[in-house]
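Note sheet for the following structure.
The values are calculated or read from the model by the stated rules, or taken from the named source; none is laboratory data. Fair warning: this is a prediction, and the values are worked out from it, not measured in the lab. All accessible areas refer to the heavy atoms of the entire protein, side chains included, with ligands and DNA or RNA removed. Shrake-Rupley method; radii C 1.70, N 1.55, O 1.52, S 1.80 Å.
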Amino acid sequence: MSLATARYEAERRSVGAVVAAVGLSLFAGMFLTIGPSLIAEIDIQSYAAAMPPAFQAAFNLSAMGSFAGLLATELYQFGWVILLGIYFAYLGGGSVAGDVESGRADMLLSTPLSRGRLVAEKFLALMWPMVVVNAVVGLVVYLGAMAINETLPLGDILAVHALSLPYLLVATALGVLASTVADSASLAQRLSAGLMFALFLLESSVANTDYEWLGILS
């Protein structure tokens with residue numbers, strides 16, 4: 001199996017992968033820099049307790065009293081669950097519909113390449129930026145924590161980045177699904193990004209209510 005389309009698409013997304021990795025590394029670096037002093041000078045837990053319960057549950061604010069908890073809340077809850085989830089849903093949204101709009105899909109399907117194979121390889125190509133972002137930012141977080149004398153277990157960092165992959169794959173799959181049914185790439189991208197954010201809001205708004213099962217489904 002040559003996977004030529006997947007390799008080509010992955011190469012096309014290399015620049016975007018590097019940009020996303022650098023951006024999130026800078027975001028992580030900001031909290032690595034100000035995190036220890038922020039925890040020492042501000043009563044973050046009292047601040048968190050003053051927030052509405054739904055907001056506390058959405059961002060797991062109860063964990064913000066420690067350096068690891070601050071990173072978990074600000075970098076991983078916000079940066080990974082929300083921003084990166086929406087980003088990969090958006091990428092997936094343009095993966096198929098963009099080629100249909102440009103006519104490139106017709107050229108590809110004139111070769112011995114089935115529609116199913118084309119969609120599968122488009123999806124596989126999006127795993128490349130996913131791996132790059134997780135590898136780079138994970139290394140930055142681990143080395144950065146060592147540089148400021150904070151203890152973050154390597155196993156925990158590896159686990160959080162490895163376990164983010166299934167979530168990001170689902171986000172990407174939602175985008176690819178939207179890309180196969182929408183009339184245009186821009187519509188598919190907006191639809192998939194909006195759906196990801198709506199699912200996050202749904203999960204947050206029903207936390208600790210009788211409708212919590214909807215959040216679990218979300």
Compactness of the chain - radius of gyration and Dmax, Cα, Å = 19.5, 64
The answer for the chain, counting only DSSP H helices whose Cα atoms cover 20 angstrom or more along the axis and whose Kyte-Doolittle average is 1.0 or greater, is 14-41, 127-147, 154-181, 185-205
For segment 155-218, averaging the sequence separation of alpha carbon pairs under 8 Å that lie six or more residues apart and dividing by its residue count, the contact order in percent is 19 percent
Kirkwood hydrodynamic radius for segment 112-218: how many Å is it when counted over pairs of different Cα atoms?
-> 16.5 Å
Average accessible surface area per residue within the chain, 1.4 Å rolling probe, Å² | 53 Å²
Choose one answer from Leu165, Leu75, Leu108: the residue with the largest mean-square fluctuation in a GNM of the chain with alpha-carbon springs under 10 Å.
-> Leu108
In sequence order, calculated HN-Hα J values of segment 68-77 (Karplus, 6.51, -1.76, 1.60; Hz; x Gly/Pro) | 5, x, 4, 5, 4, 6, 7, 7, 7, 5
Given the rule -39500 (n - 2.57) for each run of at least 4 DSSP H residues, summed and divided by the residues of the chain, what is its mean residue ellipticity at 222 nm, to the nearest 500 deg cm²/dmol?
-> -24000 deg cm²/dmol
Carbon-plus-sulfur fraction of the accessible area of the chain, 1.4 Å probe, in percent?
-> 68 percent
